[in-house]
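Novice: Once you've had a glance at the structure underneath, I'll fire off some questions.
Nothing in this text is a laboratory measurement; each read-out follows from the coordinates by a stated rule. The structure presented is a predicted model; accordingly, all values stated were derived computationally and were not measured. Cβ coordinates were reconstructed from backbone atoms using ideal geometry, including for glycine residues, and neighbour counts include every protein chain displayed.
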Amino acid sequence: MQSTLDCVTCMLEQALRAARAAGAAYEDQERVLRTVMRDLARADWGGTPIDIAMPVHRSVRRLLGVDDPFSAQKRKATAQALAALPRLRRAVEAAEDPVHLALRISAAGNIIDLGALERYDLDAALERALEVPFVVDDYAALRRELESARSMLLFADNAGEIVFDRLLLETVRSTWELDVAVCVKSGPFINDATRHDAVAAGLDQIGVLPLLEVSNGDDATAPAYGSAEVRNWLHEHDVVIAKGQGNYEALSEEYGTYFVLMAKCPRVAEALAVDTGDLILKRNAPVTHAQALETGRG
């Protein structure tokens, strides 16, 4: 997904949010903002939003001397998600189509996004997911692919949210026999899930560790989204599910990928032709000439 001017101003808000989450004094918050503004003025705005965001948050961590500004919020989100897991598991087990409901719950968990939202109501989002359908729903295509698949790769998004991805993976593996891999960030980046967060969510208990790791810009040994190694991961797995807005922004040109998310950013919602707050299960496919003409893009 191409960045817009709104993405640049959003990065300033994210930097301030991160500084406040780290408990920085007012003077340090101002220092972060002034530095990030200078960095953004020199940055290339032609890439994806995550291309702009990674150096911004790396700069915040360096300026504050804090490895993970959102660590307390991540622990809280994981605890809240784990507390909700037993009742959600019962709801999935009782559902007419357990996989479809597990996907909606996984999408609703995407509300735990401190890059897009300063505050959120997880319980309300989960309750809504039990009743409200996907606005874009390519589940029939996904189910057909899962029925013949031997492997699946899931790009996780946020800490806490990955607990609901665990429920999805449990449900998929109880329905079909296939190998599952999960990709997390190589290190702290906003409240995105790392290997540590995946273990805290219990992914080791369902046998999906070790995990693949994509670089958040700090770890030179981890491959970046656009690397040949990550493209190999995509092509080596029969089914690829990418969770959340960040993975949508980074992988939106990867056709055949399934995006599962809640649209929270107006620009992401516009790109998906939905409203903010909508739950999405979308198979990424090239826009045909007829579709381009219909939407005014051709």
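Novice: What is the fewest-to-most order of Thr257, Thr221, Thr276 by other Cβ atoms lying within 10 Å of their Cβ?
Specialist: Ranked by crowding around the Cβ, least crowded first: Thr221, Thr276, Thr257.
Novice: If amide H atoms are built 1.01 Å from N in the plane of the peptide, which residues on other chains or at least 5 residues away come under 5 Å of the amide H of Leu261?
Specialist: Gly244, Ile280
Novice: What list do you get for Lys76, Lys264, Lys243 if you sort them by fewest beta carbons within 10 Å? Could the numbers behind the result be given before it?
Specialist: Values: Lys76 14, Lys264 19, Lys243 28.
Ascending number of Cβ neighbours within 10 Å: Lys76, Lys264, Lys243.
Novice: Now for a separate question. State the Cα centre-to-centre distance between segment 30-79 and segment 192-207 in whole Å.
Specialist: 23
Novice: Can you tell me which of 156-165, 170-179, 265-274, 189-198 comes out highest on packing, and rank the rest after it, using the mean Cβ neighbours within 10 Å?
Specialist: 156-165, 189-198, 265-274, 170-179
Novice: If you average the sequence gap of Cα pairs under 8 Å that are 6 or more apart and divide by the length of the chain, what percent do you get for the contact order?
Specialist: Relative contact order comes out at 20 percent.
Novice: How large is ³J(HN,Hα) for each residue in segment 245-252, as worked out from phi by the Karplus curve 6.51 cos²θ - 1.76 cosθ + 1.60 (θ = phi - 60°), to whole Hz, x for Gly and Pro?
Specialist: Couplings: 5, x, 5, 5, 4, 7, 10, 5 Hz.
Novice: Give a residue-ordered list of calculated ³J(HN,Hα) values for segment 2-13 (Karplus: 6.51 cos²θ - 1.76 cosθ + 1.60, θ = phi - 60°; whole Hz; x for Gly, Pro).
Specialist: Each residue's phi maps through the Karplus curve to give 6, 5, 10, 4, 4, 5, 5, 5, 4, 5, 5, 4 Hz.
Novice: Still on this structure: For segment 96-132 and segment 239-271, what is the separation of their C-alpha centers, rounded to whole Å?
Specialist: 15
Novice: Here's a follow-up. Would you please give the residues with an amide H less than 5 Å from that of Val182, counting only those at least 5 places away or on a separate chain, with H modeled from the backbone geometry?
Specialist: Amide H neighbours of Val182, under 5 Å, 5+ apart: Leu154, Leu212.
Novice: Return the percentage of antiparallel bridges among DSSP beta bridges fully within the chain, rounded to the nearest 5 %.
Specialist: Numbers: 6 of 24 bridges.
The antiparallel proportion sits near 25 percent.
Novice: Karplus couplings for segment 76-87 from phi (6.51 cos²θ - 1.76 cosθ + 1.60, θ = phi - 60°), rounded to Hz, Gly and Pro as x?
Specialist: In residue order, the calculated couplings are 4, 5, 5, 4, 5, 5, 5, 5, 7, 4, x, 6 Hz.
Novice: Any idea what the relative contact order of segment 1-140 is, in percent, if you count C-alpha pairs under 8 Å spaced at least 6 apart?
Specialist: Normalised by residue count, the contact order of segment 1-140 is 21 percent.
Novice: Check Asn158: other-chain or 5+ apart residues with amide H under 5 Å from its amide H, H built from backbone geometry?
Specialist: Here Ala193 satisfy the definition.
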